[in-house]
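Novice: Please see the structure below; I have some questions.
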Amino acid sequence: MFNDIGPLELVTIVVLAVLVFGPEKLPKMIQDVTRTIRKIREFSESAKADIREELGPEFKDFEFEDLNPKTFIRKQLDNDELGLKEIRNGFDLKKEMAEVTDAVHGRESESTSSSSSSASAGSTGGTVDMTKKREKLAPQERPPFDADAT
């Protein structure tokens, strides 16, 4: 519950409690606080049991932590029925980006060198010319219009 309280903060809280309630009333206040926390926990557990009982036997494995959206999504993504782990493991972003970079710079990547050498035997060495070459237009000719570019 209080995992993020450090030792200095704990000492500060104790000193403030002693100053506010006094050393005589402090043990009684601690007992009252612990009793209240215990009652709240008991009330919470009984409410959870009542809700489970009302939902019926088909929701016997229902967990209230699943109502948290982060927990629900994490639990669904960890479910292996969707095959997401295979997709995640089969996708290598660094390799894909290296291949794109090599293609842009006109170099042949390691993975495509073996596959493209046989496929590009009749082409221009397996490299792609990515530079735009502007064709000369006739004096009265308009440049081509690309509807998708505008």
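Novice: Determine the alpha carbon to alpha carbon distance for each of K48/K75; K94/K136; K25/K70; K25/K48 and list only those over 31 Å.
Specialist: K94/K136; K25/K70; K25/K48
Novice: Per residue, how much accessible surface does the stretch 1-49 expose to a 1.4 Å probe? Answer in Å², no decimals.
Specialist: It amounts to 91 Å² per residue over the stretch 1-49.
Novice: If you don't mind, another one. Between V104 and K70, what FRET efficiency follows from the Cβ-Cβ distance if R0 is 30 Å, with the result rounded to 0.05?
Specialist: It comes to 0.20.
Novice: Here's a follow-up. Probe 1.4 Å, all protein chains in place: accessible area of V18 in Å², nearest 10?
Specialist: Using a 1.4 Å probe on the heavy atoms, I get roughly 60 Å².
Novice: Please work out how much accessible surface E58 shows to a 1.4 Å probe, ignoring ligands, DNA and RNA, in Å² rounded to 10.
Specialist: Rounded to the nearest 10, that gives 130 Å².
The values are calculated or read from the model by the stated rules, or taken from the named source; none is laboratory data. The shown structure was predicted, so the numbers you read here are calculated from the model rather than taken from an experiment. Neighbour counts are summed over all protein chains in view; Cβ atoms, including those assigned to glycine, are modelled from backbone coordinates with ideal geometry. To get the accessible areas, we keep the full protein, side chains included, count just its heavy atoms, and leave off ligands, DNA and RNA. Shrake-Rupley method; radii C 1.70, N 1.55, O 1.52, S 1.80 Å.
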